[in-house]
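Heads up, the thing below is written out as structure tokens.
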């Protein structure tokens, strides 16, 4: 089968072995292992990142071909320059570091000639650096001017309601959208594939691919459901683009049946649309922290070294918020929820439930969250007003290994979400390191939990008292809960990346037949 | 499975003549309405019974359908009947029936549209009339809703949601050239209906007269009132109509609207009459761009019309021979395949099985109320439980209130929880128009906001109450100075319109917020008939929206132990004044009357109680007090100036319920000299402990007295002497009046538990439970 993968992620998108990169990398690896011919269509700016990603996933690069746009737009080049600077933080423009390096070097010169020569060289280099710095300042000024100009145009265009950030986003969206047109043109002019897979909804242009089957992934349309909150966080253009993609598309893959039914069938249904579900693969976190058992016996220690290692990792996680005390985390017990703070994640209600748990039900677990507090000011206010800053710990930006350790050391994983694209990863992530979960009773969870007989492990996410009572019950019955969830996890654990990639191939065949 | 049954809610004659036989021919059963309102029907509407024989419905149901006005809000009974009898409804953009259908019809709702004036869209029209909540409901019914466009470019200017649900069902007129035109009359035909009754058509008529008035002409189209112009023919019998179409020199069609087309130019082509039309309109879309009848300018049209009027047969022939192309897209050959495909899709959507879910009802306390409105809300919740249980309905009830410590210790909230009612708190943020526009766009409802100005958004941290099916807002107030933003259908309870009677009782902004909250609501609950009338005449609420519901009173006898209830034997030497610190409580006149009472030998002390009345003592700082400072100062000054008041008037402030009841049962009687509100429920408390009441005579108080079945003594609140005399009368006869209460009253009748079914009946209807 000739499989094309359409991507047009912006230059800011991170493509590494986690999240989005992991999804793409493991899919391509699975396709190639299955003997399929894979072509990736992408903008010039992501070509090298994607190639690097494939290398990380040990994909034989000769088995993957690329269809790439001709060049990177100048404005994206400039943006990349700034992005590089941000990523390296104190890179080549860190004056302090340069100064130190120069002083170190000069202090090492032992002859006068060598010293003077070195000063001359330094002077020359300094001049070059100054020109670059001044040049960059000029570019910054130019960009500011351009931004003003764009804003004026936008006001004339009737979209004056957007703030600077939104305008900047719109501007780059426009460029990215133009690139999508270019990619589609290359696809239409190029060799035909059996199927083009589009892993996201952001590019309605994929509906302009002609004479080739296009299968689009529909993760969700959460912004539409929680518009009152998202209208403060994002511009509507992306949601509009997602809608256009679904409207124009015919074949879809979803991560759960509920999204297929509620979004594609209920909203767009009855007009030539077909969808099938491929659930997420399992995220086994054990690989990040596992210490082989024989090491313990070799060292003659009577302890589970994996847990000890995890505890060590947790105790060193930097506490990124002003709340909570990380050092004492490993000495006590805690409840864990790994998630960004988004309006549909139900964090405020979860915190209310947690407050009830410790103050009215007298439990002594802490709560560890991984979101960035400032994204939802209501939560910060609530925590201060209710004096919960000692009990709730925030540790955003943790590595995969640290995340695994946090899961491992937790007593209980709670997922209070109100809406998801598929069955949440947190269940498998927790169980892979031995921590059971209780989860929201939402259709995306119920369609997995109910057949597995796990209704008891669900709660009504909109009722904080119900969440609280379920947490209390779970903490009192951790072994029972884990035992109950083990069969489901064992089944899920078999859904490795490569198994899921094969499922994709099967589903492609069904959809295009 | 047989073909589906269609309820086709139009009365347009030509439309019916094509669409109904087409659908019957395709195997459907179709019912056409028999009642129409003049405002909808215009002059092209009529009634036809000729398609009823396609129906396999019983005569009884057909008779009921025939008696139903489908241009108004559809009652629960009607909805039940059409849910039983029909699978598909075709309807027009008529707000009330459309609202009834999207909320209450369980089959496919096909909004059949024909185009609108340039510059507006159906999204604009509907959004401003059914609100965001209405659009959200359309979104919610998902694939059962269809935006059936008769021209394939109509959805282009609509919001994403309508685009998504757009389906093309072209307008057909049979499409056969009748070729009957022979000419002979030098007049040109122009169609201009409703000249004196519709400003849009008046302008069309005036423009025509200005531009073409010198060319011989006749103006067709029905007129609701006569027009003083000989060329205006008015409604014509069929023969005359056909004669005009076949003998007048040509027809002129003015419209340049790219998304709307009238029937008459198409009819003219059918008759073979030369059609002169303006470029840029819908006819261009149907292949009219190169036609000889098309005119780019008025002078070009004048030239051509003059030639035709003078009998230029060559031009007429050229036009007639070429204009047939315009009818192609109206022909049966063209339309039928689209209709077949569309109806297949619509049929599929009828088969969508929706799980019957428990209705989720939200009761909202929209500001920090702790008194009457709070009590009302608590009883309202309980009534839903009682009503739902009686009728076997399944619904979940949640009460939401401001995130404020005053509610944390509330026993009533604790009690509601124990009854299975969920609770939710909210905070409020004020958002501007840009936020609203963003919100609408994200939801796919277009970018035009339907209401100007800022809004209060009630944040619950869980999607801001978007998970509920219906909300009941317990008053028309907002937590901040802006109307509340709702995405779900809702009812607002309007307890009274005090501001209508006491103009300076609240700020203009506060009044604006209250009225806006009501106008944006789907229905308004009032608890007295006088308030119902105020809702129409003062607040301008449509009659259909206002529902009269019972008061939510609670008899003390059910709240207190029996031994607590006063037997009426041990009265003390005082009476009680139930009040608060607001101006409508009529303090100055009442105090003046009290002074007269004491000066003329009145012996009873007066105990004043109620929220904020403690400020009248003059012992509290008024700077941050929740009262109108100037007014309270005026009252304080008056009290201080009267020596008798200093000794005989005892201001108790806001008392605990227990203390209040104790004071109440020891009183000889209770007085309520205020007016303008919705009646004063404390007289019910008083009657519960056999204490008689002296109240102001105003309609709402009279209504409340009758509702409670309590014999009240009335006084004129505007007349100090009348109040004084009434006080003496009460002092002298209060024992008799108390006896009267004991023998005549059945207070339990008015208790909220005994009227719960009445309230629930209305709740059930508005919330489609």
Selection status of residue B:115, surrounded by fewer than 19 Cβ atoms within 10 Å (Cβ to Cβ) and either touching a strand residue (DSSP E or B) at 6+ places or on another chain (Cβ under 6 Å) or at positive phi (or both): no
Options A:398, A:413; residue that is more than 13 Å from chain B (Cβ to nearest Cβ) and outside any loop (DSSP other than H, G, I, E, B): A:413
Counted residues, segment A:239-267 - those being within 9 Å of another protein chain (Cβ to nearest Cβ) and either under 26 Å from residue A:174 (Cα atoms) or surrounded by fewer than 21 Cβ atoms within 10 Å (Cβ to Cβ) (or both): 9
Helices (runs of 4 or more DSSP H) lying entirely in segment B:1-83 (those with 2 or more residues that are modelled with pLDDT of 90 or more and surrounded by fewer than 18 Cβ atoms within 10 Å (Cβ to Cβ)): B:13-25, B:59-66
Residue in segment B:381-435 that is modelled with the highest pLDDT, counting only those that are surrounded by 19 or more Cβ atoms within 10 Å (Cβ to Cβ) and assigned to a loop (DSSP other than H, G, I, E, B): B:421
For residue B:434: the one exception among (1) farther than 23 Å from residue B:510 by Cβ; (2) touching a helix residue (DSSP H, G or I) at 6+ places or on another chain (Cβ under 9 Å); (3) free of Cβ contacts under 8 Å to residues at least 60 places away in the same chain: (2)
Residue in segment A:329-351 that is nearest to the other protein chains (Cβ to nearest Cβ), counting only those that are touching a strand residue (DSSP E or B) at 6+ places or on another chain (Cβ under 8 Å) and assigned to a helix (DSSP H, G or I): A:347
Test set (1) buried (at least 19 other Cβ atoms within 10 Å of the Cβ); (2) more than 35 Å from the chain's Cα centre (by Cα); (3) at pLDDT below 90 - residue B:188 fails condition number: (3)
All positions within segment B:713-742 that are closer than 18 Å to residue B:702 by Cβ, assigned to a helix (DSSP H, G or I) and touching a helix residue (DSSP H, G or I) at 6+ places or on another chain (Cβ under 7 Å): B:723, B:741
Residues that are within 10 Å of chain A (Cβ to nearest Cβ) and outside any loop (DSSP other than H, G, I, E, B), drawn from segment B:456-471: B:457, B:458, B:459
Qualifying residue in segment A:444-455 (condition: surrounded by 22 or more Cβ atoms within 10 Å (Cβ to Cβ) and either touching a residue at least 60 places away in the same chain (Cβ under 8 Å) or within 14 Å of chain B (Cβ to nearest Cβ) (or both)): yes
Verdict on residue B:221 being within 25 Å of the chain's Cα centre (by Cα) and either more than 14 Å from chain A (Cβ to nearest Cβ) or buried (at least 19 other Cβ atoms within 10 Å of the Cβ) (or both): no
Selected residue [within 14 Å of chain A (Cβ to nearest Cβ), on the phi < 0 side of the Ramachandran plot and in a helix (DSSP H, G or I)] from B:147, B:162: B:162
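Residues in segment B:354-373: is at least one within 14 Å of chain A (Cβ to nearest Cβ) and touching a helix residue (DSSP H, G or I) at 6+ places or on another chain (Cβ under 9 Å)? It would help to see each step written out before you state the result.
To start, the set of residues in segment B:354-373 that are within 14 Å of chain A (Cβ to nearest Cβ) comprises B:354-355, B:357-358, B:360-362.
Then keep just the ones that are touching a helix residue (DSSP H, G or I) at 6+ places or on another chain (Cβ under 9 Å); that gives B:354, B:361.
Within segment B:354-373, one or more residues are within 14 Å of chain A (Cβ to nearest Cβ) and touching a helix residue (DSSP H, G or I) at 6+ places or on another chain (Cβ under 9 Å).
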Hey, residue B:451 over 23 Å from residue B:519 (Cα atoms) and either more than 9 Å from chain A (Cβ to nearest Cβ) or assigned to a helix (DSSP H, G or I) (or both) or not: no
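Between B:432, B:403, which is farther than 22 Å from residue B:554 by Cβ, more than 25 Å from the chain's Cα centre (by Cα) and facing another protein chain (nearest Cβ under 10 Å)?
Matching residue, one of B:432, B:403: B:403.
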Where a residue in segment A:380-403 is within 18 Å of residue A:336 (Cβ to Cβ) and its partner, wherever it lies, is exposed (fewer than 15 other Cβ atoms within 10 Å of the Cβ), with Cβ under 6 Å and at least six apart: A:396/A:372; A:400/A:18
Residues being in a strand (DSSP E or B) and in contact with a helix residue (DSSP H, G or I) (Cβ under 6 Å, 6 or more places away or on another chain) - total across segment B:485-502: 2
Criterion: closer than 26 Å to residue B:487 by Cα and over 23 Å from the mean Cα position of the chain (by Cα) - qualifying residue of B:148, B:75, B:100: B:148
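The values are calculated or read from the model by the stated rules, or taken from the named source; none is laboratory data. Since the model is a prediction, treat every value here as computed from it, not as a measurement. Cβ coordinates were reconstructed from backbone atoms using ideal geometry, including for glycine residues, and neighbour counts include every protein chain displayed.
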